[in-house]
Structures are given as C-alpha cells and as structure tokens.
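Take a look at the structure below.
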Amino acid sequence: MSFDSARHQMVAAQLVARGIRDPRVLAAMRAIPRHRFVDAALQLHAYDDAPLPIDGAQTISQPYIVALMSELLELRGAERVLEIGTGSGYQTAVLAELAGEVFSVERLETLADGAHKRLEELGYGTRVRLSVGDGNVGWPAAAPFDAVIVTAAVQQVPRPLVEQLGAGGRMVLPLGETDLQGLARLRRSGGLQMDYFGECRFVKLIGHYGWEE
C-alpha cells in the first residue's frame, strides 16, 4: 500500500469511524505526510493506530489523538495558536493547516531543529514560529492566543498558559497525576469552564506544572 493510500485509510478507519467530524481536521490529516515525521525505519508504521517513538524519549501521538485535540480547539482559520511540545512537528503541521499562526515551544533543541527542518521542507515555515524553552511559561511576548494545546501531561493547569489565553479561547491538554490522564478542554468565557473527553496517555511535561526531570 502506498503512503497516500495508507493515509486515506487512516482517516477513514481511525478518525471518521471514531467520530471525528470537522472537515478541516480531516482534510489536514489526509494531506500531511505523517511518514515524514518519523525515522526511516518506522515509516511503514507511520499510519498505524498507535503512537511512535521519536528522539529524546518522546513520541509522535496516535493519529486519533492528534485529530481529536485539533478538533477540540475549534479552529476556523485565522487564529493564533500556542503549542507546548513541538516534538516531531506533526501536530504543529496540522495546526498550521487549521490556523493563521502557530507558536510552538520545545524543550529539547534537537527536536526543535528536526521539526523546523521538516516544517520548512513541507512549506509551513511562514505560518510557524518555533522556540526552544520551558513550555511551562508559554510564550508571553506573543500572547494573547486564541487557542493553546499542550502535548505533554501536566499535573495541574499551568497558570501562565491560562493568563496567555485570550477571551473566548480554548486550551486542550492531558491533565492528571498518574501515567493515565484525562483529556481536558478549558474555555475562557468570563471564568474558566472545563470539560473532559476521555482518557489518554502522554509523556510528562518537565517543569513546575509537570514533573521533575
């Protein structure tokens, strides 16, 4: 099976069949070559229904989780989005298809460098800004953001990220104190409204609102 066929099969069997409905999210997942974001030895598994390892003891998330988190952000095309945890850059590319600008923070310089190269090669360079730093503090100089996505588990909602979320903004993050977290969405509308969308497993965010290194 070709990568194109595998990608379309992934969308049909893993996303649509599980309830992903946003046509823009589905189109992004059909368009982005996920196999470009993993090591050559793993490319044949890029469209499997599973997370895959990347450098730095990190992972590229399961396709369904990428789609679900993206859908929960409710992006329409002009938003400014903050991503905490660039990783391979795959989720970043999905966000770049869905929003106006993406600001992504990665703790590990080697991952940030690799993601930057891939995103440039795929034509996302003008829509994505990357920074190496502590995701716990976000990107204050670029705030406020219409949406925030955290791709590593936190034990408590990072206060700096809430402060950088604009009025009406949405934040999606894995929240919990164990290896199994709840996928949460916070909506800033006067106060903060929080909803949960099932269980998930993410690598842990290192730092004040996550875990010690």
Item checked: Furthest towards positive pole of dipole, A46, G89, A31, structure part the chain, Cβ charges -> A31
Next item on the list: Using only alpha carbon pairs under 8 Å that are at least six residues apart, calculate the relative contact order of the chain and give it in whole percent.
Entry: 14
Check: Counting DSSP beta bridges with both partners in the chain, what percentage is antiparallel, nearest 5?
Finding: 45
Notebook entry, point to check: Is the shape of region 64-142 best called rounded, prolate or oblate, per the rule: a/c under 1.5 gives rounded, else a/b larger than b/c gives prolate, else oblate, with a ≥ b ≥ c the square roots of the Cα gyration tensor eigenvalues?
Noted result: rounded
Check: If you add up the charges near Y64, with Lys and Arg at +1 and Asp and Glu at -1, over every other residue whose beta carbon is less than 12 angstrom from its beta carbon, what do you get?
Finding: -2
Next item on the list: Quick one: Debye curve from the alpha-carbon atoms of the chain only, equal weights, vacuum; give me log10 I(q)/I(0) at q = 0.14, 0.17 Å⁻¹ to two decimals.
Entry: -0.78, -1.21
Check: Using the Cα gyration tensor of region 150-213, with a ≥ b ≥ c the square roots of its eigenvalues, what is the shape: rounded (a/c below 1.5), prolate (a/b larger than b/c) or oblate (neither)?
Finding: oblate
Item checked: Heavy atoms of I149: accessible area, 1.4 Å probe, square angstrom to 10 -> 0
Check: Given H placed 1.01 Å from N in the peptide plane, which residues other than close sequence neighbours of K204 have an amide H under 5 Å from its amide H?
Finding: A153
Next item on the list: Can you bin region 1-122 into rounded, prolate or oblate? Criterion: square roots of the alpha carbon gyration tensor eigenvalues sorted a ≥ b ≥ c, rounded for a/c under 1.5, prolate for a/b above b/c, oblate for the rest.
Entry: oblate
Margin query: Expected output is a single nm value to one decimal: the length gained when fully extending between D39 and R18, i.e. 0.36 nm times separation in residues minus the C-alpha distance. What is it?
Written below: 4.8 nm
Check: Given a Förster distance of 41 angstrom, what is the FRET efficiency for A31 paired with A167, based on the Cβ-Cβ distance and rounded to 0.05?
Finding: 0.85
Margin query: Treating only the Cβ of Lys, Arg, Asp and Glu as charged (+1, +1, -1, -1), what charge dipole size does region 1-121 show about its Cα centre? Round to the nearest 20 debye.
Written below: 340
Next item on the list: With runs of 4+ DSSP H residues as the only contributors, calculate the mean residue ellipticity of the chain at 222 nm using -39,500 (n - 2.57) per run, divided by the residue total and rounded to the nearest 500.
Entry: -7000 deg cm²/dmol
Notebook entry, point to check: How high is the relative contact order of region 127-213, in percent, counting Cα pairs under 8 Å that sit 6 or more residues apart?
Noted result: 27
Check: Which ³J(HN,Hα) values in Hz, rounded to whole numbers, follow from the phi angles of region 93-100 under the Karplus curve 6.51 cos²θ - 1.76 cosθ + 1.60, where θ = phi - 60° and Gly and Pro get x?
Finding: 5, 4, 4, 5, 6, 9, 10, x
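Using every Cα-Cα pair within region 17-63, state what percent have a distance larger than 12 Å.
Cα-Cα pairs of region 17-63 separated by over 12 Å account for 66 percent.
The values are calculated or read from the model by the stated rules, or taken from the named source; none is laboratory data. In this text, all values refer to a predicted model and were calculated from it rather than measured experimentally. Using ideal geometry, Cβ is built from the backbone for each residue, glycine included, and neighbour counts are taken over all protein chains shown. Note: areas computed on protein heavy atoms with side chains; ligands, DNA, RNA excluded. Shrake-Rupley method; radii C 1.70, N 1.55, O 1.52, S 1.80 Å.
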